[in-house]
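Student: Sharing a structure, written as structure tokens. Questions coming.
A short reminder: the numbers here are calculations on the coordinates, not readings from a lab. What you see is a predicted model; the values in this text were computed from it and never measured. Every residue, glycine among them, receives a Cβ derived from its backbone with ideal geometry; neighbour counts consider all protein chains shown.
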Amino acid sequence: MTSLNVPLMTGTATNPLPSLRFDDVAFRHQGKLLLGPCSFTLEGTGPTLVMGPNGAGKSLLLRLAHGLISPTQGRVSWLSAECPRQAMVFQQPVLLRRSALANLVHALAVNKTPRKTRLKLALEALARFGLTSCAATPARVLSGGEQQRLALARAWALSPSVLFLDEPTSALDPAATKAVEAAVQEFHERGTRIVMTTHDLHQARRLAGDVLFLSGGKVREHTPAASFFNAPTSREAQAFIAGELIE
Amino acid sequence: MENNNALYVALSLVLNLDATLYQIVTLSLQVSLLAVLIAAVIGFPLGAAVALWRFPGRGGVIIALNAMMGLPPVVAGLTVYLLLSRAGPLGEWGLLFTPSAMVIAQVVLVLPILAALSRQKVEELLGEYREQFISLNMSRRRMMPTLLWDARFALLTVLLAGFGRASAEVGAVMMVGGNIEGVTRVMTTAIVLETSKGDLPLALGLGIVLLTLVMLVNAGAYVVGELTRRRMG
Amino acid sequence: MNKTLKLVFAVITTTGLTFSAAAEDYITLASTTSTENSGLFNSILPLFEDATDIQVRVVAVGTGQAFEIARRGDADSLLVHDTAGEQRFIDNGYATERADVMYNDFVLIGPANDPANIRSAQNVAEALAAIAEVKAPFASRGDDSGTNRAELRLWQNAGVEPDGDWYRELGSGMGPTLNTAAAMDAYVMSDRATWVAFKNRQNLTLLFEGDEVLFNQYGSLLLSEEKHPHLKHDLAKQWHNWLISDDGQQAIANFKVNGQQLFFPNAK
């Protein structure tokens with residue numbers, strides 16, 4: 001277990017982003033320890049990039065944080081009065097078998113957005129992500145990049161205070177990757193806490209405010225981006241940055 | 001001209017717009033389509049519910065639904081007969097030997113097919129959508145309509161399977177309908193009747209007409225389904 | 001769930017109404033396949049409907065099932081051919097009155113080459129004994145119908161216990177039994193009406209007829225108002241009375257298939 005050497009800033013006016021705490025969290029499946037136990041707090045402005053080699057437990061950590069699965073040990077909690085509104089963008093976007101527009105309207109309906117404003121919000125979100133011309137196109141015949149942008153637009157329409165992204169660009173070409181990164185920046189600037197996994201060092205350098213580094217199911221390091229890339233403290237992170245094959 | 005060829009009989013029945021045939025065909029379609037519709041209204045939400053909720057005895061329910069798909073029509077007919085008979089618990093309704101009784105019997109036959117197969121289809125789709133649904137903070141109840149709508153192409157096929165079963169069966173409608181001429185005689189019971197009269201060409205001719213009808217319904221559904229499916233990707 | 005159920009019932013009831021909207025007054029008559037298959041009802045029912053505006057809906061089943069339907073109160077009227085059974089039905093309180101309506105007769109059918117030579121038999125007992133003697137295949141309905149019961153009585157009178165490979169109990173109606181007999185060149189006992197109207201004869205032909213014991217009496221029964229107060233007893237009574245009236249009897253006598261009269265009115 002590595003220390004939490006991120007400057008501690010408790011919820012003030014300058015930092016409205018909801019803070020996430022992992023308390024001695026572990027996840028076991030069929031008796032096998034897949035993650036943890038680990039403790040850390042995500043605060044500050046981020047964006048937080050969760051990094052590590054394949055199989056390090058990045059996706060698992062994201063799912064625990066988002067509440068898609070429950071830890072078998074410890075506790076995941078938000079340091080705010082109520083659970084913040086969250087959204088997640090998956091590596092493979094999960095889109096309904098309907099038009100792009102209908103996908104957004106459905107998410108807004110689920111979110112109990114008043115019926116009258118749904119269409120307006122949905123069209124705005126499509127426009128923001130350059131998908132206006134695809135509004136009537138069935139979501140599942142869109143290209144990979146368009147599908148991921150649609151997933152981002154869906155998240156955008158829900159105006160979450162926390163956005164989780166699980167390797168959102170790993171299946172995309174450079175142009176589409178660029179669009180996704182721009183979108184992430186936009187979310188960040190809107191005041192959304194970003195928690196994103198990636199195994200791409202360059203992407204992390206472009207986006208990260210702080211880095212949570214995992215390997216072998218353990219959190220090895222949680223530091224501001226600058227110190228992570230310039231002076232990693234753990235042996236695993238040093239090797240990872242140096243481009244060695246580690247487990 | 002005397003001709004004993006079944007295909008010829010079928011053709012001349014259709015081409016002459018035989019009034020009795022028309023009436024029998026209409027009733028067959030009415031009864032089976034209505035039965036499938038009612039069974040869908042109950043069976044699809046039921047199947048989706050079994051797919052979505054975990055409860056004690058769920059495995060038993062799934063096995064029962066799957067087994068009931070093979071329920072012999074005459075057993076369904078006998079059960080509905082005993083229910084609707086004047087001496088039975090629902091005798092007051094006076095439905096025995098009416099088309100309504102035939103609809104009820106076919107609902108009993110078709111419901112397990114629709115529920116069991118839609119359970120399977122919805123569960124497959126749920127596997128794909130689950131994380132997104134939880135991420136959207138959807139309740140199971142809210143998931144149900146979304147899943148049913150998104151499974152619509154698969155469910156159309158399920159619907160056709162149900163319609164096939166309903167329109168092909170004879171044991172149940174014979175028993176609860178009574179094969180009354182002009183009232184409860186449908187294609188299948190008419191075929192049985194003509195067979196028992198030894199008029200095999202006419203029986204087979206009616207069979208060809210029935211088969212053609214079922215094929216038309218299937219073709220229509222296939223074309224609609226395939227066109228939209230291709231559009232939706 | 002409750003709402004769904006209510007909706008379903010509402011739909012069923014509504015369609016029930018639309019389905020039966022065309023029906024004026026009607027009664028349900030439980031009767032036998034022989035009367036329905038021969039076309040007798042198609043011939044006489046329109047006359048009754050013209051005279052009374054009452055529609056008769058015929059459920060044609062085996063005699064045993066017809067009794068069962070009437071016993072459960074699912075038919076308003078009963079027209080069958082098993083005089084002993086009809087009497088028992090009255091004794092058990094399910095019916096109040098019985099009237100002879102008409103008779104037809106049973107005939108023995110068999111393959112044209114007639115291996116048991118029943119063509120030359122003097123009476124039906126002799127004919128059956130001959131069939132048993134050479135163990136020629138015999139198709140029996142074996143369905144506890146009126147015809148089946150009559151056939152068993154005839155075997156008994158002939159002093160033969162029908163048993164063995166040659167005696168095949170099919171458990172089917174008259175028509176299917178004839179179909180099967182035609183397929184396996186078997187002897188079979190049929191009512192004349194079904195036989196005359198039957199089209200899939202193949203090798204089969206009429207071999208023996210005319211013995212008085214082969215007469216097959218049909219009776220109409222008035223069902224018990226006490227047991228089944230909900231039935232349409234008034235309408236059923238009109239039907240019953242019409243059948244045994246001069247008009248009804250004449251209508252039965254006028255019904256012919258291929259120029260042959262099949263049912264002989266004999267109401268007293």
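Student: Can you bin every Cα-Cα distance in the stretch C:105-214 into 5 Å intervals starting at zero and give me the percent of pairs per bin, rounded to whole numbers?
Tutor: 2, 14, 26, 29, 21, 6, 0
Student: If we count other beta carbons within 10 Å of each Cβ, what is the order of A:GLU124, C:GLU212, fewest first?
Tutor: Working: A:GLU124 16, C:GLU212 8.
Ascending number of Cβ neighbours within 10 Å: C:GLU212, A:GLU124.
Student: Which percent, to the nearest 5, of DSSP beta bridges fully inside the protein assembly as shown are antiparallel?
Tutor: Looking only at bridges with both residues in the protein assembly as shown, the antiparallel portion is about 55 percent.
Student: Oh, and also: Roughly what angle does helix C:40-52 make with the longest principal axis of chain C, taking Cα atoms, 0 to 90 degrees, to the nearest 10?
Tutor: The two axes meet at around 30 degrees.
Student: Per-residue ellipticity at 222 nm for chain C, helices alone: DSSP H runs ≥ 4 residues times -39500 (n - 2.57), over residue total, nearest 500 deg cm²/dmol?
Tutor: So the calculated ellipticity at 222 nm is -13000 deg cm²/dmol.
Student: Output the 0 to 90 degree angle, nearest 10, between the alpha-carbon long axis of helix A:144-157 and the longest principal axis computed from the alpha carbons of chain A.
Tutor: For A:144-157 against chain A, the angle is about 90 degrees.
Student: Here's another thing I want to ask about it. Based on the Cα gyration tensor of the stretch A:95-159, what are the three equivalent ellipsoid semi-axes, each the root of five times an eigenvalue, rounded to whole Å and given largest first? Kindly include the intermediate steps, with their values, before the conclusion.
Tutor: On the way: eigenvalues 62, 25, 20 Å².
Each semi-axis is the square root of five times an eigenvalue, giving 18, 11, 10 Å.
Student: Right, next: Quick query: amide H of C:ASP144 versus all other amide H atoms, modeled in the peptide plane; which residues come in under 5 Å with a sequence gap of 5 or more or a different chain?
Tutor: Residues meeting the amide H criterion: none.
Student: Report, to one decimal in Å, the Kirkwood hydrodynamic radius for chain A based on all distinct Cα pairs.
Tutor: By the Kirkwood definition, the hydrodynamic radius is 18.6 Å.
Student: Right, another one. Which residue, chosen from C:ALA267, B:THR98, C:ASN200, occupies the Cα position most advanced towards the positive end of the dipole of the protein assembly as shown, where the dipole is computed from +1 (Lys, Arg) and -1 (Asp, Glu) charges on Cβ about the Cα centre?
Tutor: B:THR98
Student: Quick one: Karplus J couplings for the stretch C:129-146, per residue in order, coefficients 6.51, -1.76, 1.60, θ = phi - 60°, nearest Hz, x for Gly and Pro?
Tutor: 3J(HN,Hα) across the stretch C:129-146, in whole Hz: 4, 5, 4, 5, 4, 8, 6, 6, x, 10, 9, 9, 5, x, 10, 6, 7, x.
Student: Return the ratio Rg/(2.2 N^0.38 Å) for the protein assembly as shown, where Rg is computed over Cα atoms only.
Tutor: For the protein assembly as shown, the normalised Cα radius of gyration is 1.42.
Student: Which far-off residues, 5 or more places away or on another chain, put their amide H under 5 Å from the one on A:ILE69, with H placed in the peptide plane?
Tutor: Placed amide hydrogens put A:LEU64 under 5 Å from A:ILE69.
Student: A further question follows. Determine the calculated [θ] at 222 nm for chain A from helices alone, applying -39500 (n - 2.57) to every DSSP H run no shorter than 4 residues and normalising by the residue count; nearest 500 deg cm²/dmol. Please list the in-between numbers first.
Tutor: Values: 8 runs with 85 residues, N = 247.
After summing the helix terms and dividing by residue count, I get -10500 deg cm²/dmol.
Student: Sort A:212-220, B:121-129, A:226-234 for me by packing, meaning the mean count of neighbouring Cβ atoms within 10 Å per residue, highest on top.
Tutor: Values: A:212-220: 22.8, B:121-129: 18.3, A:226-234: 15.8.
Ranking the peptides A:212-220, B:121-129, A:226-234 by packing returns A:212-220, B:121-129, A:226-234.
Student: Quick one: which residues, 5 or more positions from A:VAL219 or on another chain, have an amide H under 5 Å from its amide H? H modelled 1.01 Å from N in the peptide plane, none for Pro or chain starts.
Tutor: Those lying under 5 Å, H to H, from A:VAL219 are A:GLY36.
Student: Continuing with the same structure: Would you kindly compute the Cα radius of gyration of the stretch C:159-209 and its largest Cα-Cα separation (Dmax), both in Å?
Tutor: 11.3, 33
Student: Arrange C:ILE69, C:ILE90 by Cβ neighbour counts within 10 Å, fewest through most, would you?
Tutor: Numbers: C:ILE69 24, C:ILE90 16.
Result, fewest neighbours first: C:ILE90, C:ILE69.
Student: Further, regarding this structure: Using mean Cβ contacts within 10 Å as the protection proxy, how do B:185-194, C:120-129 order, highest first? If you can, show how the numbers build up before the last one.
Tutor: Values: B:185-194: 22.6, C:120-129: 17.8.
Highest to lowest by the protection proxy: B:185-194, C:120-129.
Student: Lys/Arg Cβ at +1, Asp/Glu Cβ at -1, dipole of the stretch B:63-144 taken about the Cα centre: which of B:ILE134, B:ILE113, B:LEU71 is farthest positive-ward?
Tutor: Checking the options against the dipole of the stretch B:63-144, the answer is B:ILE134.
Student: So if I place +1 on the C-beta of Lys and Arg and -1 on the C-beta of Asp and Glu, and nothing else carries charge, what would the dipole magnitude of chain A be about its Cα centre? I want it in debye, nearest 20.
Tutor: On the way: 26 positive and 18 negative charges, 213 e Å.
With only Lys, Arg, Asp and Glu charged at Cβ, the dipole is about 1020 debye.
Student: State the Kirkwood hydrodynamic radius of chain C in Å, one decimal place, computed from all pairs of distinct Cα atoms. Provide the component values of the computation, followed by the final result.
Tutor: Details: mean 1/r = 0.0502 Å⁻¹.
For chain C, the Kirkwood estimate is 19.9 Å.
Student: Return the average number of partner chain Cβ atoms within 10 angstrom of each residue Cβ along peptide B:176-188. Let's see the in-between values first.
Tutor: Values: counts 0, 1, 10, 5, 10, 7, 5, 10, 3, 0, 0, 0, 0.
Partner-chain Cβ atoms within 10 Å, mean over residues of B:176-188: 4.
Student: Here's another thing I want to ask about it. If only Cα atoms are counted, what is the Rg of chain B, and what is its Dmax, in Å?
Tutor: Gyration radius and largest Cα-Cα distance of chain B: 20.4, 73 Å.
Student: Can you spot the lysines whose alpha carbon is less than 24 Å from B:LYS197's alpha carbon? Ignore those fewer than 8 places along the same chain.
Tutor: List returned: C:LYS199, C:LYS256.
Student: For the protein assembly as shown, what is the charge dipole size about the Cα centre, in debye to the nearest 20, if Lys and Arg each add +1 at the Cβ and Asp and Glu each add -1 at the Cβ?
Tutor: Numbers: 63 positive and 66 negative charges, 996 e Å.
Dipole about the Cα centre, nearest 20: 4780 debye.
Student: Then there is this: Pull out a ≥ b ≥ c, the square roots of the eigenvalues of the alpha-carbon gyration tensor of the stretch A:42-186, then state rounded if a/c is under 1.5, prolate if not and a/b is larger than b/c, and oblate in the remaining case.
Tutor: Numbers: a/c = 1.92, a/b = 1.34, b/c = 1.44.
Note, shape of the stretch A:42-186 comes out oblate.
Student: Straight-line reach from A:LYS58: which lysines have a Cα under 17 Å away, not including same-chain ones fewer than 8 places off?
Tutor: A:LYS32, A:LYS218
Student: Suppose every Lys and Arg Cβ carries +1 and every Asp and Glu Cβ carries -1, with no other charges. What dipole size does the stretch C:105-214 come out with about its Cα centre, to the nearest 20 debye?
Tutor: Details: 9 positive and 16 negative charges, 73 e Å.
With Lys and Arg at +1 and Asp and Glu at -1, about 360 debye.
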